[in-house]
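Asker: Here it is, the structure, as structure tokens.
The values are calculated or read from the model by the stated rules, or taken from the named source; none is laboratory data. Everything numeric here is computed off the predicted structure, so don't read it as measured data. In this analysis, Cβ positions are derived from the backbone assuming ideal geometry, glycine residues included, and neighbour counts consider all displayed protein chains. The area values use the complete protein model at the heavy-atom level, side chains included, leaving out ligands, DNA and RNA. Shrake-Rupley method; radii C 1.70, N 1.55, O 1.52, S 1.80 Å.
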Amino acid sequence: MLYLLSFIIIIMITIYVITFTYRAKSLLSEMTAMMIAMAISMMTSLVVGTILGIILIGRLTIPVIFSVLFGMLIGYLIGRPFSLLASLDGLLAGIMGGMMGAMLGVMVFTQDPVVMTIFVDVIFIIIMMLIVKLIRQAVQESEIKSFTFKKNNWVKTIIGMIALLLIVSVVFFKPISYYFKDLFGSTSEVSEVSSEKTNEVQAEQKDGYQEAVIKVEPYGYTPENVKVKVGVPVKLHFQKSFAGGCLSFLLIEDFQLEKTLKKGDNLVEFTPEKPGIYTFHCGMNMYFGKILVE
């Protein structure tokens, strides 16, 4: 619900600002038009990419392609009435914003996606307000008076949209205070979740080898730590529950192991020769686990 609302707000404000720009195009300089095309294109593609990266649980290809194309289209539409240079500025900004937004969504979808969605939405709204103010300063108010909102109504509309985002996040997700729990120390809920989560497992000893199962889920590895015995061949089953994402690539550098993880069971074999703590991680160094050799 929150993400759908975000899309609706983005589309509504973008259409308004584009229309506002078109009505004032004869009174805007090329430099102003280039700035407007760049800002709107980058912000719309950034927000769209972030939301898609969150919704598609770590799959980067579709969010990048869609948000980049969306931003390029917006940039072209805004710059087209002014000059080819303004269109090019908007196109390039759409590419940059789309890529950054998609990567941001992939990075935060396991952490605080609701907070990040509200955060980028609020930034988007603020930037759009500044663009409208820029247009107002660049032209005579009387010449576009029939189209513009009254200042107070515009401010009230923006405040209402931000309030609606906050209400939706509380009703359909968790209270806003939950997402800032780390600033105020641990809570009983956090302790309860921590106690339920299995962070460590002892490898099962079998005939001539030892074996353990590690689940690869959208939010990381479970368990994160695996205890094994030194000198005994190890078989680790990385069971991936989804397709795509940076967790599709596994690195265990101390054992010179690199493996692409597909959805389902993926077997990794090695023999630890020395006691110690060895790290494994995803392809983007975002998620980690440890092999404790005793």
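Asker: Quantify, in whole percent, the carbon and sulfur part of the accessible surface of the range 229-285 (1.4 Å probe; protein heavy atoms only).
Answerer: 50 percent
Asker: Mind jotting down the distance between the C-alpha centroids of the range 1-76 and the range 231-257, whole Å?
Answerer: 38 Å
Asker: How much length, in nm to one decimal, is gained on full extension between Phe288 and Ala243, taken as 0.36 nm per residue of separation minus their Cα-Cα distance?
Answerer: The Phe288-Ala243 span can extend by a further 14.4 nm.
Asker: In nanometres, what is the gap between the two model label sites at Ile55 and Leu251, each 7 Å from Cα along Cα-to-Cβ?
Answerer: Using points 7 Å along Cα→Cβ, the separation is 3.2 nm.
Asker: Sticking with this structure for a sec: So the label point goes 7 Å from the Cα of Lys263 along Cα→C-beta, right? Which residues of the range 52-87 then have their backbone N under 16 Å from it?
Answerer: So the set is 56-62.
Asker: Please compute the length gained on full extension between Tyr16 and Phe119, using 0.36 nm multiplied by the number of residues separating them and subtracting their Cα-Cα distance.
Answerer: 35.0 nm
Asker: In square angstrom, what is the accessible area per residue of the range 89-138 with a 1.4 angstrom probe?
Answerer: 41 Å²
Asker: Roll a 1.4 angstrom probe over the protein heavy atoms and tell me the percent of accessible area of the range 3-50 that is carbon or sulfur.
Answerer: Solvent-exposed carbon and sulfur of the range 3-50 make up 78 percent of the total.
Asker: Accessible area per residue for the range 222-294 in Å², computed with a 1.4 Å probe and the full protein assembly in place, what is it?
Answerer: Here the residues of the range 222-294 average 50 Å² of exposed surface.
Asker: With the other protein chains left in place, how much accessible area per residue, in square angstrom, belongs to the range 11-61 at a 1.4 angstrom probe?
Answerer: Roughly 40 Å² per residue, with all protein chains present.
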